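Comments concern the structure below.
Rule-based calculations on the coordinates, nothing more; no lab input. Source: prediction; values computed, not measured. Using ideal geometry, Cβ is built from the backbone for each residue, glycine included, and neighbour counts are taken over all protein chains shown.
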């Protein structure tokens with residue numbers, strides 16, 4: 001939560017660098033739904049309270065406070081709702097995310113290993129959009145901040161446990177062996193033209209809840225809970241009336 005607070009303060013500080021114009025009308029206010037495609041890179045670590053696993057193949061200990069790169073590809077769609085009393089636009093969005101996360105660990109013989117898992121994630125977020133200003137250049141981009149928070153459900157579909165330098169090692173398909181849930185938050189800066197095209201980027205936080213539902217054992221029998229923070233950028237944004 002300290003990291004999310006920092007991100008919020010950071011983007012709110014950016015917003016103060018722009019003087020809000022009178023009679024400001026957000027061009028997104030005329031739209032009712034949207035679609036976006038983006039990706040993120042960040043750092044991930046395991047929950048430090050759940051690092052030891054005693055499995056049929058031996059004991060494993062995840063390394064605490066060890067951050068490794070993670071990546072997410074997102075396809076989202078949602079609905080917009082205008083406030084009659086202000087320029088604020090509220091939003092509900094969902095979609096499909098493919099997220100890959102890794103963690104370092106030691107086996108009972110002291111060998112250094114890396115667990116890499118890819119998840120299919122289904123988020124459900126609510127949020128709002130706060131206008132800042134128009135830019136003064138000829139493109140007339142409209143600047144705004146967006147805040148979203150919600151939950152997600154995730155299930156793994158691929159996993160690899162091996163020496164972290166063995167990039168060619170084969171992995172295992174998991175076929176939805178378990179289901180986990182978590183919380184997600186986004187803080188974004190947008191610069192859109194009148195057609196809703198432009199740039200959207202910001203911070204994204206994800207934190208697994210420390211509980212999951214097992215349908216069957218994975219080959220490694222390792223079920224770490226992850227927390228991650230990264231930067232995302234939407235390569236495509238489209239809005240519909």
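Quick notes on this structure:
- Using the Cβ-Cβ distance between residue 158 and residue 214 with R0 set to 22 Å, the FRET efficiency works out to roughly 0.80.
- Sites residue 92 and residue 122 - FRET efficiency at Förster radius 22 Å, r taken between beta-carbons, to 0.05: 0.95
- The label point for residue 77 and the one for residue 106, both projected 7 Å from the Cα toward the Cβ, are 5.0 nm apart.
- The simple Förster model, with R0 at 35 Å and r as the Cβ-Cβ distance, assigns residue 175 and residue 195 a FRET efficiency of 0.25.
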